[in-house]
Amino acid sequence: MKTLSSHYQSIVEGDRLFRSRAHSIEFYTTLGVIEKYLTKPGRILELGAGHGVYSLYLAEQGHSVVATDIVEDNVNKMSALVTKENEANLEVRQLDALEASKVFKAEFDLTLCLGPLYHLRREEERATCLRECAAVTGEGGILILAYINKHFAIPYIQSLGAQFNKKDYEEMAKTSWDYKDFPDDFMNISYYSTPEAMAEEVEESGLKILDHVAADGMYTLLKDSIEKLTDEAFRDLLDYHMSKASLLSSLGASSHNLIICQK
């Protein structure tokens with residue numbers, strides 16, 4: 001059975017956001033959100049940073065960034081990237097997001113949690129993660145949380161040839177997933193939520209929600225068509241997506257969503 005570590009060792013996570021124009025929409029939307037709420041150089045913590053795509057970019061923009069991940073292979077790749085780019089503004093550490101406050105105080109202007117909630121299958125683990133994110137963020141600081149939207153994931157996985165049965169659907173409806181017989185390997189190490197349920201969990205943690213944004217819409221389903229767009233047409237599409245990203249209808253149709261909070 002695939003584990004979290006074996007999954008990330010088997011893929012090139014650093015290329016995920018750029019494997020197609022459709023995938024890059026998530027990157028550009030997330031950066032747009034970050035730049036909206038962090039308007040001057042600040043101290044940033046990224047939990048579950050993967051291969052450090054966001055952390056490196058933000059460090060290059062002059063922010064002081066600490067990039068962390070629980071997976072050793074991801075940490076090694078980020079460390080190699082820091083060495084290659086000679087980026088003094090970026091520090092890399094191996095860290096479990098559920099234990100962030102054991103290492104850091106409430107010292108960050110922005111805390112990014114763009115991966116951990118994908119894999120916290122139990123409700124109490126997600127609650128701990130939200131508390132830890134808040135604990136390391138300074139008063140008045142911003143938190144940006146990413147999650148996978150169940151409403152998009154189910155039809156997307158079926159478009160790849162998987163077939164769900166009644167038991168699968170019953171297990172999907174639960175707020176904690178112990179089930180590991182979904183017809184998709186990634187789903188068996190992940191948790192998919194909904195815009196309504198994730199917002200409720202965040203509000204219960206005591207965080208103030210400032211915005212809720214569709215990170216990438218349904219565009220990965222249309223990647224072949226999007227690849228054929230002219231550069232101008234793609235820029236226009238990106239502008240359109242970002243202008244509508246906070247609509248409830250956009251959230252329900254999006255693969256990945258972002259919740260922006262303030263401590």
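The values are calculated or read from the model by the stated rules, or taken from the named source; none is laboratory data. Keep in mind the model is a prediction, meaning the values are calculated, not measured. Heads up, the Cβs are rebuilt from the backbone with ideal geometry, glycines too, and the neighbour counts pull from every protein chain shown.
Descriptive notes on the structure:
- Residue match in the range 20-39 (condition: at pLDDT 95 or above, crowded, with 17+ Cβ neighbours inside 10 Å, within 25 Å of I142 (Cα to Cα) and touching an Asp or Glu at 6+ places or on another chain (Cβ under 6 Å)): yes
Here's the yes/no breakdown for (1) modelled with pLDDT under 95; (2) of a type outside the set (D, E, K, R); (3) outside any helix (DSSP H, G or I):
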position: K2; (1), (2), (3): yes, no, yes
position: D15; (1), (2), (3): yes, no, no
position: H51; (1), (2), (3): yes, yes, yes
position: A59; (1), (2), (3): no, yes, no
position: T68; (1), (2), (3): no, yes, yes
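- Pairing each residue of the range 162-184 that is in contact (Cβ under 8 Å) with a residue 24 or more places away in the chain with any residue that is aromatic (F, W, Y), provided the two are 6+ apart or on different chains, yields C-beta distances under 6 Å for W177/Y191.
- Criterion applied to E170, E200, E227, E232 was being closer than 21 Å to A134 by Cβ and surrounded by fewer than 17 Cβ atoms within 10 Å (Cβ to Cβ), and the one residue passing it is E200.
- Filtered by the rule that a residue be part of a strand (DSSP E or B) and within 15 Å of the chain's Cα centre (by Cα), the range 90-141 gives L110, T111, L112, C113.
- Enumeration of residues in the range 58-95 that are among the small types (G, A, S) and over 20 Å from G32 (Cα atoms): S79, A80, A88
- From M198, M242, residue being part of a helix (DSSP H, G or I), more than 19 Å from Q262 (Cα to Cα) and modelled with pLDDT of 95 or more: M242
- Within the range 245-263, the set of residues being crowded, with 18+ Cβ neighbours inside 10 Å and not in a helix (DSSP H, G or I) comprises A245, S254, S255, H256, N257, L258, I259, I260, C261, K263.
- Long-range neighbours under 6 Å by Cβ, at least six apart or interchain, first residue more than 15 Å from A22 (Cα to Cα) within the range 223-252, second at pLDDT below 95: G252/H151
- For A153, the conditions (1) more than 24 Å from Y37 (Cβ to Cβ); (2) small (G, A, S); (3) outside any loop (DSSP other than H, G, I, E, B); (4) over 16 Å from the mean Cα position of the chain (by Cα) all hold with the exception of (4).
- Any hit, the range 74-84, residues being surrounded by fewer than 22 Cβ atoms within 10 Å (Cβ to Cβ), in contact (Cβ under 8 Å) with a residue 12 or more places away in the chain and outside any helix (DSSP H, G or I): no
- Exactly one residue among T194, T175 is of a type in the set (V, I, T), within 17 Å of the chain's Cα centre (by Cα) and under 27 Å from C133 (Cβ atoms), and that residue is T194.
- Residue pairs whose Cβ atoms lie under 7 Å apart, separated by 6 or more positions or on different chains, with the first residue in the range 148-161 and without any contact (Cβ under 8 Å) to a residue 60 or more places away in the chain and the second surrounded by fewer than 19 Cβ atoms within 10 Å (Cβ to Cβ) and of a type in the set (A, V, I, L, M), are K150/M172.
- Y147 falls short of the stated requirement of being in contact with an Asp or Glu (Cβ under 8 Å, 6 or more places away or on another chain) and not in a helix (DSSP H, G or I).
- Odd one out for G62 among (1) touching a Leu at 6+ places or on another chain (Cβ under 6 Å); (2) surrounded by fewer than 21 Cβ atoms within 10 Å (Cβ to Cβ): (1)
- Residue satisfying all of: in the range 207-217; surrounded by 17 or more Cβ atoms within 10 Å (Cβ to Cβ) and among the hydrophobic types (A, V, I, L, M, F, W, C); nearest to the chain's Cα centre (by Cα) among these: A215
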